[in-house]
Amino acid sequence: MKVSIICPWELGLQVTKKGIYFMDKNYYVETRDMYGQTPHQFSTHIQEALGPQIMVHAHIHNYIEIIYALSGKYRILLDNKEYSFSEGDMVLINSNEIHSIFSLSTGSNQYVVIKFDPEIFYTTAQSLFEMKYIMPFILNESTHQKVFPKEAIVDTVIPGLISNISNEFLNKCYGYELAVRANIYNLFLFILRSWNEQNANLDINMHLNKDMVIKFQTVFDYIEDNYQDDITALEMAQLCNLSYSYFSRLFTRIMKINFRAYLNYVRITKSERLLTSTDLNITEVALQVGFSTSSYFIQQFKFYKDITPKQYQIKYKV
């Protein structure tokens, strides 16, 4: 059996007495998986290697990722923190966490990879009461549990859910997209309830007292009803009786994107229905959802969906 030996600095890693660390900016950004010309919201595959070696180089992606070890032993580096996992363990990788994985066993090292876009959890009429459940998985500074040991999950629904997601994605039977989503929801519901039973402090509501929740829910509701208008962060700050700078900082902290980006996201989401269920052209759709020019609409649509509105319209029009 041939074992490849690669120096840590070739991977963008630095060895110190305290462990191995990522060198600044020495990692690659993984793009979204595509199905033809359409980006996948989720995907799954099996990663396999024989013997000790680098299984995944240092990289980052917008996906939330679940790893479930089928065999072998591993070391994973997550945002400069080192963890170990082995057969039967599950690892949770947040959106935009830099990570690399090394196999350690001399025999077969095999694990299931499930990746999905955080958008799966979102609705356009977003509720902050729902957001508190999503935040631990999209904030890369979250300090929650990363490795779920075999003894804690072997007799739970987790192995079955992992298997169901993999089989549904592989076989792609009618309605598999709904089945995968449902299983992902159940998997993360299990994680959240486990943390709740352990009284885990997820440190996600430090800025949100009851009054602030009500204020921000007012902002979400206003955007939902008026997204086609020229809404500004200053107007929303005034609606909340907050200063512009404090509102902007807090909105970005809560939503992980700034106010303008969130407004554009809502508009793009609303445009999907118009593109697929009406005879409006691209310019008309752009104007209806609040964009002043079709060129900016096309740019933003491609940014959020990795596909042009015209391509989307052709592929999904009823």
Exercise for the section: Within segment 262-286, track down each residue that is surrounded by 15 or more Cβ atoms within 10 Å (Cβ to Cβ) and closer than 16 Å to E224 by Cα. Expected result: Y262, L263, N264, Y265, V266, R267, I268, T269, K270, S271, E272, L274
Handout entry: Filter result (closer than 24 Å to K310 by Cβ and either surrounded by 15 or more Cβ atoms within 10 Å (Cβ to Cβ) or assigned by TED's automatic domain parsing to the domain that holds F121 (or both)) within segment 215-237
Key = Y227
Handout entry: Single residue of L70, L50 found to be in the same structural domain as F188 (by TED's automatic domain parsing) and modelled with pLDDT of 95 or more
Key = L70
Completion exercise
Going through segment 48-64 in order, the residues found to be crowded, with 17+ Cβ neighbours inside 10 Å and either within 18 Å of the chain's Cα centre (by Cα) or under 13 Å from Y111 (Cβ atoms) (or both) are A49, M55, V56, A58, I60, H61, Y63, I64
Exercise for the section: Identify the residue in segment 238-254 that is in contact (Cβ under 8 Å) with a residue 40 or more places away in the chain and surrounded by 15 or more Cβ atoms within 10 Å (Cβ to Cβ) and, among all such residues, is farthest from the chain's Cα centre (by Cα). Expected result: L250
Fill in the blank from the handout: The helices (runs of 4 or more DSSP H) lying wholly within segment 250-318 that contain at least 2 residues that are more than 15 Å from I223 (Cβ to Cβ) and at pLDDT below 85 are 294-305, 309-316
Handout entry: Pairs with Cβ under 6 Å, 6+ apart, first in segment 181-195 and free of Cβ contacts under 8 Å to residues at least 40 places away in the same chain, second assigned to a helix (DSSP H, G or I) and of a type outside the set (D, E)
Key = N183/L161; N183/N164; N183/I165; N186/L161
Practice task
Select from segment 177-198 the residues that are surrounded by 13 or more Cβ atoms within 10 Å (Cβ to Cβ) and acidic (D, E) and list them in ascending order.
Solution key: E177
Practice task
Please name all residue pairs, on different chains or six or more residues apart, with Cβ atoms under 8 Å, provided the first residue is in segment 219-232 and is at pLDDT 90 or above and the second residue is of a type in the set (A, V, I, L, M) and part of a loop (DSSP other than H, G, I, E, B).
Solution key: Y222/I231; I223/I231; Y227/V289; Q228/V289
Exercise for the section: Evaluate segment 33-43: report whether one residue or more is farther than 30 Å from L178 by Cα, loosely packed, with under 12 Cβ neighbours inside 10 Å and at pLDDT below 75. Expected result: no
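The values are calculated or read from the model by the stated rules, or taken from the named source; none is laboratory data. As the structure is a computational prediction, the values presented were derived from the model and not from experiment. Neighbour counts are summed over all protein chains in view; Cβ atoms, including those assigned to glycine, are modelled from backbone coordinates with ideal geometry.
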